[in-house]
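Peer 1: One structure, as structure tokens, below. Some questions next.
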Amino acid sequence: MGKALRTVNADLHCHSAFSDGTLEPEALAARAKANGVELWALTDHDELAGQRRARDAARAAGLPYLTGTEISVSFAGTTVHVVGLGFDAEDGDLAAGLAATRGGREPRAREMSEALAKAGIRGAYEGALKFVGNPELISRTHFARFLVESGVCADTQEVFRRFLVEGKPGFVPHRWARLGDAVRWIVDAGGIAVIAHPARYKLTPTEDYALFVEFKAHGGRGVEVVTGSHSAADALRYAETAREFGLLASRGSDFHSPGESRIDLGGLPPLPPDLSPVWEALEPRIQAPS
Ligand code: AMP
Ligand code: MN
Ligand code: MN
Ligand code: MN
């Protein structure tokens, strides 16, 4: 890779139209390359359908690639995301686990639409569907885009704040995968499991601590420290968690869409230099461009 692997511009978290991003894998690979990314992973929610195209596009762009996904998990009454990196994308148990996790999205979306109708917003299911690239992966993001398009809110942040988070009219509680199952699917497929953007969860300090204790006990090994979802203070806090729990550190923009995402692909600051980057431990799993 030319320079020391630990200092490369790694971006190991983003979304394509196979989940709730707006770009195709090929456009993401080209954008990552143009923005100076030197190691890339596509991490669609609960879905591997974009992996082959992402890997091929990365290879064509001269961009080293790691397989990725972001699994939705229920923990302590909230939703936690677990990123998997460097697994075998052909693994059957991982595919089955993700399919089961995706399966809850369709009925949830219909319930969300009914809830929004009670709040005076009609046709949200059909409206959201217009933004969906993958029929198995309807998400709150697609509802948010519909509410922006229909003029109810100015941007997707406002939609989440007013309608789609707990306590708001369009929020429907949902049971996702179990933490231990998600970690096991990733690890048994040869990958490393990483807690995504931990500062985003509404966990008490005790629950946050319990999350990392349980995650490690299940075989989880990494935490996102530098992400588009963290402030500089959040990054410092979870760098400390990485040290305390002996976790590998990850870095990813969580890029979804030009004009929607605050941080573009490749646009993050580096990891604190004393931390061990997760991608060093995944070196044998990096798919080099030939
Ligand atoms: P879902 O998996 O359907 O619950 O949707 C979760 C997705 O919604 C996340 O992956 C983000 O892309 C998006 N999201 C969650 N919270 C917010 C927020 N406050 N503002 C904008 N997007 C959000
Ligand atoms: Mn998302
Ligand atoms: Mn996430
Ligand atoms: Mn994400």
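Values quoted throughout were computed directly from the atomic coordinates according to the rules given, and no laboratory measurement underlies them. Just so it is clear, the model here is predicted, and its values are computed rather than measured. Positions of Cβ are generated from backbone atoms using ideal geometry, with glycine treated the same way; all protein chains shown enter the neighbour counts.
Peer 1: Provide the per-residue ³J(HN,Hα) series for segment 238-248, in order, calculated from phi with Karplus coefficients 6.51, -1.76, 1.60 and θ = phi - 60°, each as a whole number of Hz, with x at glycine and proline positions.
Peer 2: 7, 5, 5, 4, 4, 5, 4, 9, x, 9, 6
Peer 1: Given H placed 1.01 Å from N in the peptide plane, which residues other than close sequence neighbours of Ala76 have an amide H under 5 Å from its amide H?
Peer 2: Close amide H contacts, sequence-distant or interchain: none at all.
Peer 1: A further question on this structure: For Ile71, enumerate residues with amide H under 5 Å from its amide H, sequence gap 5+ or separate chain, H modeled in the peptide plane.
Peer 2: Sorted by chain and number, the residues that satisfy this are Asp46, Val82, Val83, Gly84.
Peer 1: Work out the length of the dipole vector of the chain about its Cα centre, built from +1 on the beta-carbon of each Lys and Arg and -1 on the beta-carbon of each Asp and Glu, and round it to the nearest 20 debye.
Peer 2: Using only the charged Cβ atoms, the result is roughly 400 debye.
Peer 1: Tell me, what HN-Hα J-couplings in whole Hz come from the Karplus equation 6.51 cos²θ - 1.76 cosθ + 1.60 at θ = phi - 60° for each residue of segment 25-33, using x for Gly and Pro?
Peer 2: Result, rounded to whole Hz: x, 5, 5, 5, 4, 5, 5, 4, 4.
Peer 1: Listing Val187, Val82, Val213 from the residue with the fewest other Cβ atoms within 10 Å to the one with the most, what is the order?
Peer 2: So the residues, fewest neighbours to most, are Val213, Val187, Val82.
Peer 1: Please list, by residue number, every one of the trypsin sites (Lys or Arg not before Pro) in segment 49-150 that is coil in DSSP and has at most 16 other beta-carbon atoms within 10 Å.
Peer 2: When the trypsin sites (Lys or Arg not before Pro) of segment 49-150 are filtered for loop state and at most 16 Cβ neighbours within 10 Å, Arg122, Lys130 remain.
Peer 1: Tell me, in nm to one decimal, what length is gained between Arg52 and Lys118 on full extension, where the rule is 0.36 nm per residue of separation less the Cα-Cα distance?
Peer 2: Result: 19.6 nm gained on full extension.
Peer 1: Over the chain, with a Gaussian network built from C-alpha contacts below 10 Å, which listed residue (Gly252, Gly180, Gly222) shows the highest mean-square fluctuation?
Peer 2: Greatest mean-square fluctuation among the candidates belongs to Gly180.
Peer 1: A follow-up question, please. Of the residues Ala242, Ala32, Ala49, which exhibits the maximal mean-square fluctuation in a Gaussian network model of the chain defined by a 10 Å Cα contact cut-off?
Peer 2: Ala49
Peer 1: Name the residues whose placed amide hydrogens come within less than 5 Å of the amide hydrogen of Glu24, ignoring near sequence neighbours (fewer than 5 apart) on the same chain.
Peer 2: Under 5 Å from the amide H of Glu24: Ala17.
Peer 1: Using just the Cα positions, wrap the chain in a convex hull and report its mean projected area in square nanometres, one decimal place.
Peer 2: 13.8 nm²
Peer 1: Looking at the chain as a GNM with Cα springs under 10 Å, which of Val183, Val225, Val165 has the largest mean-square fluctuation?
Peer 2: Of Val183, Val225, Val165, the most mobile in the Gaussian network model is Val165.
Peer 1: Which of rounded, prolate or oblate describes segment 105-164 when judged by the alpha-carbon gyration tensor and an a/c cut-off of 1.5?
Peer 2: It comes out oblate by the Cα gyration axes.
Peer 1: Still on this structure: Quote the FRET efficiency, to the nearest 0.05, computed for Asp188 versus Glu214 with a Förster distance R0 of 22 Å and r equal to the Cβ-Cβ distance.
Peer 2: Working from the Cβ atoms, E equals 0.80.
Peer 1: Same structure again: Check cross-link reach from Lys33 to the aspartates and glutamates: straight Cα distance under 19 Å, and skip same-chain residues fewer than eight apart.
Peer 2: Answer for Lys33, where 19 Å is the Cα cut-off: Asp11, Glu24, Asp44, Asp56, Asp254, Asp264, listed by chain and number.
Peer 1: Still on this structure, I have one more. Measuring from label point to label point, each 7 Å out along Cα→Cβ, what is the Arg243 to Asp155 span in nm?
Peer 2: The modelled label-to-label distance comes out at 3.4 nm.
Peer 1: Given a Förster distance of 25 angstrom, what is the FRET efficiency for Val165 paired with Asn35, based on the Cβ-Cβ distance and rounded to 0.05?
Peer 2: Working from the Cβ atoms, E equals 0.25.
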